[in-house]
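First comes the structure, then the notes that go with it.
The values are calculated or read from the model by the stated rules, or taken from the named source; none is laboratory data. Values in this document were obtained by computation on a predicted structure and should not be read as measured data. Here Cβ is always computed from backbone atoms with ideal geometry, including for glycine, and neighbour counts include all displayed protein chains. Heavy atoms of the whole protein, side chains included, go into the accessibility calculation; ligands, DNA and RNA do not. Shrake-Rupley method; radii C 1.70, N 1.55, O 1.52, S 1.80 Å.
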Amino acid sequence: MSQLSIFRGAIASSFTALMLISCQTSDLGTSSPTQEPLSNVQKSATNPKAVQGLTYGPIVNIDGEDYYLAGVPDGMNGATDIPGHYWRRTGDNALIGKHFNTGPFGKAKWWNSSVPDGALLYIVNGGIAEWSMKISKEKAKMGFVHYHEFVRVSDGKLHPTKVLWLQHIAVRHFYLDGGPHPELTHFVRPGIDTDFIPNGMTPYQPE
């Protein structure tokens, strides 16, 4: 399967994610009478309880080597990840995730200052592929405007060629006024957020 076909397949993934948004709130990671309140789960990223089958700080095997998503080491056994994100791998080059309003080491309301702590902000589609301008332009058409780095579990070095391309699908109205780049504050409406840290056109240059 070519790298561009991965992103063409994201159209179907986006439809699935939008269907998830339309499901009952208990399916979106919010609290229910039989479920621990999400804010309690999110307070400590080292809590081993997964959020409805998703994992914070997962190990992602790429080409025979284990990687984390780059971030602070606040996961189990020092695993790193993007704060507030929980993941499930759905294919060799695909992940789906949920992005909650919590920060590194459980910092409250890190991504947004007014939405409740631990609230669901986005459904996230991820595709593993290399960076190239051709790929960047193709995936931008589908809302994959941000890529994130992988770091090798064994030594913390960046993957030499591959990144995780991300499409964030908002589930509510809010201002993204926090996170790692508060200078990129913008108003978010339900649907694909094409302004989410748009670094896709910046060449990937691992150290």
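Descriptive notes on the structure:
- Dipole magnitude (debye, nearest 20) for region 94-201, charges at Cβ of Lys, Arg, Asp, Glu: 220 debye
- Semi-axis lengths (Å, descending) of the ellipsoid that matches the C-alpha gyration tensor of region 92-174: 26, 18, 10
- Close amide H partners of Ala119, meaning residues 5 or more places away or on another chain with modelled amide H under 5 Å apart, are Asn101.
- Cα-based shape type of region 78-117, given that a ≥ b ≥ c are square roots of the gyration tensor eigenvalues and the cut on a/c is 1.5: oblate
- Carbon and sulfur %, accessible surface of region 101-174 computed with the full protein complex present, 1.4 Å: 55 percent
- Anisotropy class of region 44-186 from Cα gyration tensor, a/c 1.5 cut: oblate
- Entries in Lys98/Lys162; Lys98/Lys139; Lys107/Lys157; Lys109/Lys134 that, when Cα-Cα distance is taken, lie over 30 Å: Lys109/Lys134
- In whole angstrom, region 166-207 maps to an equivalent ellipsoid with semi-axes of 22, 13, 7, each derived as √(5λ) from the alpha carbon gyration tensor and ordered largest first.
- Region 104-207 - accessible surface per residue (Å², probe 1.4 Å): 46 Å²
- Asp195 versus Asp66: modelled label distance in nm, points set 7 Å from Cα along the beta carbon direction: 4.0 nm
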